[in-house]
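Before any comments, here is the structure.
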Amino acid sequence: MPDRRAQLASLQRHLRALVALLRLDADCPWTRHFESCLSRADLLAKSALDQEALNALSGSVMHVFGGMGSFNDYAPWRNGQVIRGMEALDAASGAVYDAALELRRIDV
């Protein structure tokens, strides 16, 4: 059986890193979404965990990835250049997605 607390802690850690990066772009439309997900994760970490709540959090995190107009289309550019400090955005967002997926995964 997976250690859901450890998986949630991993998602929290990755969300914190992603939010810190997104805050470098004051105009980023996605910061608020990931801050909200982080707040939900922090609240969940203080409670008894149930799979339904973890699935809901996972779904909330993951639903902004993919499709036209999604977070995957976000480009951290200012004045024709990548915003300083945002070089790690792809790795950070991938880590968030993977950590959210792990919360949802049920091992049989």
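So which residues in segment 33-49 are part of a helix (DSSP H, G or I), touching a helix residue (DSSP H, G or I) at 6+ places or on another chain (Cβ under 9 Å) and free of Cβ contacts under 8 Å to residues at least 60 places away in the same chain, if there are any at all? Scanning segment 33-49 gives His33, Glu35, Ser36, Cys37, Leu38, Arg40, Ala41, Asp42, Leu44, Ala45. Every condition in (1) assigned to a helix (DSSP H, G or I); (2) in contact with a strand residue (DSSP E or B) (Cβ under 9 Å, 6 or more places away or on another chain) holds for Ala75 except the one numbered (1).
Suppose the filter is among the hydrophobic types (A, V, I, L, M, F, W, C) and under 9 Å from the mean Cα position of the chain (by Cα); does Leu24 pass it? Against the criterion (among the hydrophobic types (A, V, I, L, M, F, W, C) and under 9 Å from the mean Cα position of the chain (by Cα)), Leu24 does not qualify.
When the residues of segment 20-58 are filtered to those that are charged (D, E, K, R) and within 24 Å of Asp73 (Cβ to Cβ), which remaining residue is surrounded by the most Cβ atoms within 10 Å (Cβ to Cβ)? Here the answer is Asp25.
Within segment 50-72, can you find the residues that are in a loop (DSSP other than H, G, I, E, B) and not β-branched (Val, Ile, Thr)? Lay out the reasoning, then the answer.
Applying the first criterion (in a loop (DSSP other than H, G, I, E, B)) to segment 50-72 yields 50, 63-70.
Those that are in a loop (DSSP other than H, G, I, E, B) and not β-branched (Val, Ile, Thr): Asp50, His63, Phe65, Gly66, Gly67, Met68, Gly69, Ser70.
When segment 73-100 is filtered for residues that are under 26 Å from Gln51 (Cβ atoms) and of a type outside the set (A, V, I, L, M), the ones remaining, listed by number, are Ser93, Gly94, Tyr97, Asp98. The residues of segment 49-108 that are at pLDDT below 95 and among the hydroxyl-bearing types (Ser, Thr, Tyr), listed by number, are Ser70, Tyr74. Go through segment 1-32 and give me each residue that's part of a helix (DSSP H, G or I), under 21 Å from Arg105 (Cα atoms) and of a type outside the set (D, E, K, R). Within segment 1-32, Ala6, Gln7, Leu8, Ala9, Ser10, Leu11, Gln12, His14, Leu15 qualify. Yes or no: Ser93 touching an Asp or Glu at 6+ places or on another chain (Cβ under 9 Å), hydroxyl-bearing (Ser, Thr, Tyr) and part of a helix (DSSP H, G or I)? So Ser93 does not fit the description; no.
The values are calculated or read from the model by the stated rules, or taken from the named source; none is laboratory data. Please read these numbers as outputs of a predicted model, since none were measured by experiment. Every residue, glycine as well, gets a Cβ built from its backbone with ideal geometry; the counts of neighbours run over all protein chains shown.
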